[in-house]
Amino acid sequence: FLETTAYFCMKPKMGEKEVSPHSFFSIWHEFSSDFKDFWKKENKLILQERVKEAEEVCRQKKGKSLYNIRPKHDSGIVSKTRSNT
């Protein structure tokens with residue numbers, strides 16, 4: 001515990017000789033809960049952006065037809081009989 005408090009440069013409060021676990025973990029709890037809230041918000045924003053991108057890709061694919069329509073060429077028996085008359 002003492003090595004951890006030294007690593008994070010925690011100093012004891014006025015009137016105390018050492019950093020108490022209560023003071024260290026109260027600060028750590030605030031930090032971790034704030035970080036968790038921020039993480040959730042960021043993940044939600046990233047998810048919304050990905051959904052928008054996926055919707056845009058779907059709209060673009062719907063705009064393009066999945067098959068090609070070729071013009072009809074007169075090459076059957078009916079067209080030959082019409083041209084002879």
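Throughout, read-outs are computed from the coordinates displayed, never taken from laboratory work. Remember, it's a predicted structure, so these values are computed and weren't measured experimentally. Ideal geometry is used to build each Cβ from the backbone, glycine not excepted, and the neighbour counts take in all protein chains shown.
A few points about this structure:
- Calculated FRET efficiency for the pair E49/W28, C-beta based, R₀ 41 Å, to 0.05: 0.85
- For the pair L2 and F35 in one chain, pulling the backbone fully straight at 0.36 nm per residue adds 9.5 nm over the alpha carbon distance.
- Each Lys and Arg Cβ is given +1 and each Asp and Glu Cβ -1; about its Cα centre, the range 16-63 then shows a dipole of about 520 debye.
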